[in-house]
Every structure is written in structure tokens, then in C-alpha cells.
Amino acid sequence: MSEESMDETTDAVNPLDHMSRTVELGGGFPVRHISPSQLNTMSTCGMVWYFSYVEGWKVPPGFAAHQGSGVHAGAEMNFSQKVESRVDVRASDIVDASVAGYDERLERDGVSAMEDSGRSVKDQEGSYRDSTAQAAAVFASDIAPKIQPVMVEKTIEAPLTGVGVEGLVILGTVDVISEFDLHTPEDERRLIRDLKTSGRYWSQHDVDTMLQLGFYEVLYRALHGKPSEGGVIDLVNVIRKKTKVNIAAKEFTTVLDDAACSQTLWRLRNMVNAIKAGVFVPADPGHWKCTPKWCGYYDKCPAVRNRYRAIIDMGGK
Ligand code: SF4
């Protein structure tokens, strides 16, 4: 294609014209806080962070995310009362709260979904509601009894100093901080826990390298002035195979030491410097998330092959 015809195409149909402006850093940094999910997003794809936090484009979650939020709602209801009672509520109550959570988030946030393997969006909605109930039942029987929470949904904030952005904080909400050992309640050792509902199998390596738990450890130390005893991922695996759904629980523990904290802080500093410079490194185009199915920004993104020639000007950088 000649340069002239490329320019014509761009002028006529390029949907990215609105991006031809500078990243608004005047008067401050684009965000007031950085959360674990932001750090995670930036590490996977800087362009997703840019679209979300600079442009403010929000993409509704998919059904799988609503399923996770539903199970999370049931777990939160149970653990909030268990801090004092030290007893789980009935499994059926956890299931009901989880399904209600799924419906509530679906109603509130909408859903990103398309027909999948011949199944309509309506069918998928019903199927994920059912699997939310099944996953919540597995949580109630296999995970909840092993945990004595001390704090639930604890939001912790700490200043992020030394990065040249005044007032910037790191902030995260830890699902559960639990007793280290159910049989020694007077013991002051604590574990940082996160509940995941996932459609794929996890390995120990996944947990040992995840940024989220290291981030929580930094926040935990800021709050308590001492380290935790480690991190735990309480996983509910929801594996879909055609019309069948297999659900199982698994627990992974990992060390959260000084190295986990320094990794987190180094990456936070790096992220802040990148944002200040207007550098948003896109995901590798071969990454599974960098596809129309998994990335809600795919149609708008200049970092992938699209039928539009993308021109992006972020502050002349
Ligand atoms: S299409 Fe790929 S590079 Fe672009 S925002 Fe999505 S994941 Fe990132």
C-alpha cells in the first residue's frame, strides 16, 4: 500500500484518532493509588493499563470473573462472621450468598460475552450460575473449615515514597488474614490468603511467582511492622469440558520473604517511571490474553494487527 493510500485509510476510518493526544500528566500522576491488580495489569500489558487508567475505558467482566466474584461474596459472608463465632455458617447459606453475588455483579457490571462453541450468551449465563453454586459448595466443604480468619477484606494503604510522585500510595484489600494454626488460636502468627476461582490448573510455580501476594506482604508489613508467616492461595478449580464441569479445591502455600517485598517495590518503582515517561509496553502478540476473545481493547489497540493502521501519539514519546 502506498503512503498516500495508507494516509487516506487512516483519515477515513481510523478509530484511534481520539488517542492522538498526550497522556495527561499535567497537574499530577494519572492515578492516586496503585493496587495489586494495576501492577499485575501493567506487567502483563501496559496498553491495558493505559486504556483503563488513562483513557478510563472500562470493559465489563466475562462470566468466569462474575463466577469468581460470586464465590468470593459467599466466602466473605461466611468469614466475616467467623472472625468472632469461629464457626462456619451452613453450606447452603454460602451457596445462596454466592449465587446472589453472581447475579448482583451481572446486573451491576454487565458482561462481555459472545456465543461460544454454539452456546448462546443466555445459556452461558445459566451454566455459570450453576457452576457458581457448585464451586461455592466445594468452598464450603473443602476450604472454609480449614481457615480461621482474623481479618476479612482488610484494605491497607501505605505511602509509596522515593518515586517522585507526591501523595502516591499503594493500596490493596486482602481477602483474609488468618491464624497460622487452627489449633493454637493464641498464637500471633498470621497467613495472608487469597481465594481464587479459576478455569485452569495452577502450579506451585504460578503461586511462587505471583505478584499479588508479594504486594500484600508489603502492605502487611506496613500495617503490622513485621512479616507474615507466608501466603496461601485457596483455589477452587472449575474446569469446563464441553457440557461437563469438574470442580475441586486445592491449597498452595508460598514464602513471602524480603525478596518478595523488594521485587514488589522494584516493580512499583519501574511502573511509576514508565507511566511518567508515557511508556506502556504491550503484551507479546502471541500471549493468550492478546486475542479478541480475551482482550476487550483488541479492536482499539494499535499494538496488534488490525485492519486499521493505528497512529498513536502519547506525548511525542
Ligand atoms: S490487544 Fe494485546 S497489546 Fe493490545 S491492549 Fe489487548 S492485550 Fe494489550
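Since every read-out is calculated from the coordinates, none of them should be taken as a lab result. Computed from a prediction, not measured in an experiment: that's the story for all the values here. Please note: Cβ atoms are built from the backbone with ideal geometry, for glycine as well, and neighbour counts cover all protein chains shown.
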(request) Please compute the net charge surrounding G167, taking Lys and Arg as +1 and Asp and Glu as -1 over other residues with Cβ under 15 Å from its Cβ. (result) 0
(request) Assign unit charges at the C-beta atoms only (+1 for Lys and Arg, -1 for Asp and Glu), then state the dipole size of the stretch 63-265 relative to its Cα centre in Debye, rounded to the nearest 20. (result) 620
(message) How would the stretch 29-166 be classified by its alpha-carbon gyration tensor: rounded, prolate or oblate, with rounded meaning a/c under 1.5 and the a/b versus b/c comparison settling the rest?
(response) oblate
(request) Towards the positive end of the charge dipole of the stretch 63-265, with charges on Cβ (+1 Lys, Arg; -1 Asp, Glu), say which of A222, V111, T243 has the farthest Cα. (result) T243
(message) At 7 Å along Cα-to-Cβ for each site, give me the label-to-label distance between S43 and R200 in nm.
(response) 1.4
(request) Count charges around D206 for me, please; just the other residues with Cβ under 13 Å from its Cβ, Lys/Arg as +1, Asp/Glu as -1. (result) +1
(request) Give the Debye-formula value of log10 I(q)/I(0) at each listed q (0.08, 0.11, 0.14 Å⁻¹), with one equal scatterer per alpha carbon of the stretch 158-317, two decimals each. (result) -0.36, -0.65, -0.96
(message) I need the GluC sites (Glu not before Pro) found in the stretch 131-182, filtered to DSSP loop residues with at most 15 other beta carbons within 10 Å of theirs.
(response) E166
(message) I need the calculated FRET efficiency for the pair W266 and V87, taking r as the beta carbon distance and R₀ as 30 Å, to the nearest 0.05.
(response) 0.10
(request) Describe numerically, in nm with one decimal, the distance between label points set 7 Å from Cα along Cα→Cβ at N273 and at W57. (result) 2.9
(request) Have a look at V150, L160, S127 and report the one farthest towards the positive end of the charge dipole of the stretch 113-164, computed about the Cα centre with Cβ charges (Lys/Arg +1, Asp/Glu -1). (result) V150
(request) Give, as ranges by residue number, the residues of the stretch 191-221 whose backbone N falls under 16 Å from the point 7 Å along Cα→Cβ of D109. (result) 195-199
(message) Taking a virtual spin label 7 Å from the Cα of A158 along the C-beta vector, which residues in the stretch 196-238 bring their backbone nitrogen under 16 Å of it?
(response) 211-231
(request) Evaluate the distance, in nm, between pseudo-label points positioned 7 Å from the Cα of S141 and of T291 along their respective Cα→Cβ axes. (result) 3.3
(message) Given a Förster distance of 45 Å, report the FRET efficiency between H224 and K244 from their Cβ-Cβ distance, rounded to the nearest 0.05.
(response) 0.50
(request) Treating the angle as unsigned and between 0 and 90°, give the value, to the nearest 10°, between the Cα long axis of helix 63-85 and the longest Cα principal axis of the chain. (result) 30
(request) Give the Rg/Rh ratio for the stretch 63-265, taking Rg as the radius of gyration of the Cα atoms and Rh as the Kirkwood radius, to two decimals. (result) 1.00
(request) Using a cut-off of 11 Å between beta-carbons, work out the net charge of the residues near Y298 (Lys and Arg +1, Asp and Glu -1, Y298 not included). (result) +3
